[in-house]
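The values are calculated or read from the model by the stated rules, or taken from the named source; none is laboratory data. This structure is a prediction, so every number in the text was calculated from the model and none was measured. FYI the Cβ positions are ideal-geometry reconstructions off the backbone, even for glycines, and counts take in every protein chain you see. Remember, those area values only see protein heavy atoms, side chains included, never the ligands or the DNA or RNA. Shrake-Rupley method; radii C 1.70, N 1.55, O 1.52, S 1.80 Å.
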Amino acid sequence: MAITTSYFAVAKHLEGIKISIARFNHPRIRNGIDEVINSFAPSIDLLRNYKDKKIDWPQYRKRYTMEQRSHYKENPEDFEGLLERAEEEDLVLLCYERYEGRRTKCHRLILFDKLKKVADSERYDIDFIEEQPYVKNKKS
């Protein structure tokens with residue numbers, strides 16, 4: 001089975017178990033998701049510093065990576081549980097930021113890379129499907 005990423009605005013068009021990894025989950029988006037896992041969200045402090053422009057994207061990326069390294073050391077079962085599920089069912093990790101290819105600035109893509117590393121080192125059998133831009137189906 002597989003893990004991929006996407007964003008809330010297109011969640012209703014996606015296949016698989018849709019999991020929010022956002023810190024804050026507005027009620028209007030909760031209808032499009034199956035569950036919330038806050039432990040993979042950035043800390044409130046980190047998120048506020050970035051949103052208030054106290055830190056830039058490279059600093060955010062570095063700090064989020066450090067947070068998740070610490071998370072993995074303290075609770076590897078969070079990562080392993082997600083990977084074990086992905087061996088049995090398709091999972092989609094969701095957040096707010098619209099996907100814009102390599103320019104996308106969202107923690108979901110950092111987490112996706114971390115999960116790939118853990119899966120590789122622990123030999124999980126999962127397809128990691130890189131996020132693609134959402135294209136609305138046009139009826140002929």
*Pick from the range 40-54 the residues that are part of a helix (DSSP H, G or I) and out of contact with any helix residue (DSSP H, G or I) (no Cβ under 7 Å at 6 or more places or on another chain): which of them is most open to solvent (accessible area, probe 1.4 Å)?*
R48
*Here is a list of conditions, (1) under 19 Å from I3 (Cα atoms); (2) buried (at least 19 other Cβ atoms within 10 Å of the Cβ); (3) within 13 Å of the chain's Cα centre (by Cα), and I37 meets all of them except one; can you say which number that is?*
(2)
*So which residues in the range 55-109 are open to solvent by 40 Å² or more (accessible area, probe 1.4 Å), among the aromatic types (F, W, Y) and within 22 Å of I126 (Cα to Cα), if there are any at all?*
Y72
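Just to verify a result, which residue in the range 1-34, among those that are in a strand (DSSP E or B) and among the hydrophobic types (A, V, I, L, M, F, W, C), is surrounded by the most Cβ atoms within 10 Å (Cβ to Cβ)?
Here is the first cut: in the range 1-34, the ones in a strand (DSSP E or B) are 2-7, 17-20.
Pick out the ones that are also among the hydrophobic types (A, V, I, L, M, F, W, C) and you get 2-3, 17, 19.
On the way: A2: 15, I3: 26, I17: 16, I19: 21.
The extreme case among them is I3.
What's the total number of residues in the range 67-123 that are of a type in the set (A, V, I, L, M) and outside any helix (DSSP H, G or I)?
Let us first name the residues in the range 67-123 that are of a type in the set (A, V, I, L, M), namely 82-83, 86, 91-94, 109-111, 115, 118-119.
Next cut, outside any helix (DSSP H, G or I) only: 91-94.
Result for the range 67-123: 4.
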*Taking I129 as the residue in question, decide whether it is within 10 Å of T5 (Cα to Cα) and surrounded by 10 or more Cβ atoms within 10 Å (Cβ to Cβ).*
yes
